[in-house]
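Enquirer: Below is the structure I would like to discuss, written out as structure tokens.
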Amino acid sequence: QDLEQFNFSNLAEVERAQLGTPFKQYAIDPEAVLAYTPETDINAIITPMDIWHFPVMVDGAMRTLLAVEKREGEWEAVTIGSSGLAKAWETIQNNAKEEGISELKFISLFQAAMDMALRVDPQGNSLIIPLEWNPTTSTFEVGKGYAPSEMMLILRECLQKKYEPRE
């Protein structure tokens with residue numbers, strides 16, 4: 001019944017579905033965003049989580065994501081869905097492969113409902129790429145690469161707007 005929600009067009013696609021190569025989720029602490037300076041190494045403010053996302057693949061294309069999380073020492077599936085995010089991540093992965101990028105991390109700032117990709121080129125240059133539009137801010141472009149210092153300013157604004165006192 002909900003095939004479209006998971007980016008499948010028919011049951012035959014579901015039957016051909018396979019799990020792709022998983023990727024780990026990282027988080028950014030909002031306090032680190034607020035304290036960020038251009039001298040801060042972006043890798044120093046992201047924390048690995050016990051969450052992995054398995055792409056659900058059909059005929060080589062990502063359709064949706066299955067998230068598994070370690071809870072009380074056991075791995076368990078916690079969500080399936082995020083078809084838009086799966087498409088965005090697949091695009092970022094494909095572009096990274098074409099450009100010879102070997103380091104790619106999936107990072108989230110939960111307090112701003114933001115998912116991003118951190119990519120580092122062989123020379124050590126980092127870019128942060130927003131993966132989906134966030135309704136709390138419109139000061140960034142989805143899919144565009146931003147220097148960490150520029151993205152941290154955007155994220156700081158987003159956090160300040162979200163948590164500013166209301167009258």
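Enquirer: Among the chymotrypsin sites (Phe, Trp or Tyr not before Pro) in the stretch 1-94, which ones are in a DSSP loop with at most 16 other Cβ atoms within 10 Å of the Cβ? Mind listing them?
Expert: Those that pass, being in a loop and sparsely packed, number zero.
Enquirer: Whose amide H sits under 5 Å from the amide H of GLU132, counting only residues 5 or more places off or on another chain, with H placed in the peptide plane?
Expert: Here the answer is ASP115, since their amide H atoms fall under 5 Å of that of GLU132.
Enquirer: In what sequence, largest accessible area first, do PHE140, PHE110, PHE54 appear using a 1.4 Å probe? Intermediate results must be reported in sequence, preceding the final value.
Expert: Numbers: PHE140 20, PHE110 110, PHE54 55 Å².
So the residues, ranked largest to smallest area, are PHE110, PHE54, PHE140.
Enquirer: A further question on this structure: Taking θ = phi - 60°, what integer Hz values does the Karplus form 6.51 cos²θ - 1.76 cosθ + 1.60 yield along the stretch 70-86, in sequence order, with x for Gly and Pro?
Expert: Result, ordered by residue: 7, 10, 6, x, 10, 7, 9, 5, 10, 8, 9, x, 6, 4, x, 5, 4 Hz.
Enquirer: If the elastic network links every pair of Cα atoms under 10 Å, which of GLN123, GLN25, GLN93 fluctuates the most in the Gaussian network model of the chain?
Expert: Highest fluctuation among the options: GLN123.
Enquirer: Given a 1.4 Å probe, how much area per residue of the stretch 70-125 is accessible, in Å²?
Expert: Details: 3130 Å² over 56 residues.
Heavy-atom accessible area per residue stands at 56 Å².
Enquirer: Ignoring ligands, DNA and RNA, how do LEU104, LEU85 rank by accessible area with a 1.4 Å probe, largest first?
Expert: LEU104, LEU85
Enquirer: Nearest 10 degrees, 0 to 90: what angle lies between the long axis of helix 148-163 and the longest principal axis of the chain (Cα atoms)?
Expert: 90
Enquirer: Kindly write out, for the stretch 5-14 in residue order, the coupling ³J(HN,Hα) from the Karplus curve 6.51 cos²θ - 1.76 cosθ + 1.60 (θ = phi - 60°), rounded to whole Hz, with x marking Gly and Pro.
Expert: 4, 9, 6, 10, 9, 7, 5, 4, 5, 4
Enquirer: Figure the gain on full extension for LYS24 and GLU150 (residue separation times 0.36 nm, minus the Cα-Cα span) and round it to one decimal in nm.
Expert: 42.9 nm
Enquirer: Where does each of LEU66, LEU11 land when they are ordered by accessible area, with a 1.4 Å probe and the largest first? Kindly include the intermediate steps, with their values, before the conclusion.
Expert: Details: LEU66 40, LEU11 115 Å².
I get LEU11, LEU66, largest accessible area first.
Enquirer: Still on this structure: Computed from these coordinates, which is Rg and Dmax of the Cα atoms in Å: (1) 16.9, 54; (2) 20.9, 77; (3) 15.6, 41?
Expert: (1)
Enquirer: Another question, then. State the percentage of accessible surface on the chain attributable to carbon and sulfur atoms; use a 1.4 Å probe and exclude ligands, DNA and RNA.
Expert: So the carbon and sulfur contribution to the accessible surface is 49 percent.
Enquirer: Next question. Take the residue pairs LYS24/LYS97; LYS24/LYS144; LYS24/LYS87; LYS87/LYS144; LYS97/LYS144; LYS70/LYS144 and return only those whose Cα atoms are more than 24 Å apart.
Expert: Violating the 24 Å limit, Cα to Cα: LYS70/LYS144.
Enquirer: Alpha carbon centre of the stretch 1-57 versus the stretch 84-109: separation in Å?
Expert: Measuring centre to centre over Cα atoms gives 10 Å.
Enquirer: Can you give the accessible area of LYS24, probe radius 1.4 Å, in Å² rounded to 10?
Expert: 50
Enquirer: Could you derive backbone 3J(HN,Hα) for the stretch 31-39 from the dihedral phi with the Karplus parameters 6.51, -1.76 and 1.60 (θ = phi - 60°), listing whole Hz in sequence and x where the residue is Gly or Pro?
Expert: After applying 6.51 cos²θ - 1.76 cosθ + 1.60, I find 5, 5, 5, 5, 8, 4, 10, x, 7 Hz.
The values are calculated or read from the model by the stated rules, or taken from the named source; none is laboratory data. Everything quoted here is computed from the prediction, not taken from an experiment. Virtual Cβ from ideal backbone geometry, glycine too; neighbours counted across all protein chains shown. Please note that ligands, DNA and RNA were not included when accessible areas were found on the heavy atoms of the full protein model with its side chains. Shrake-Rupley method; radii C 1.70, N 1.55, O 1.52, S 1.80 Å.
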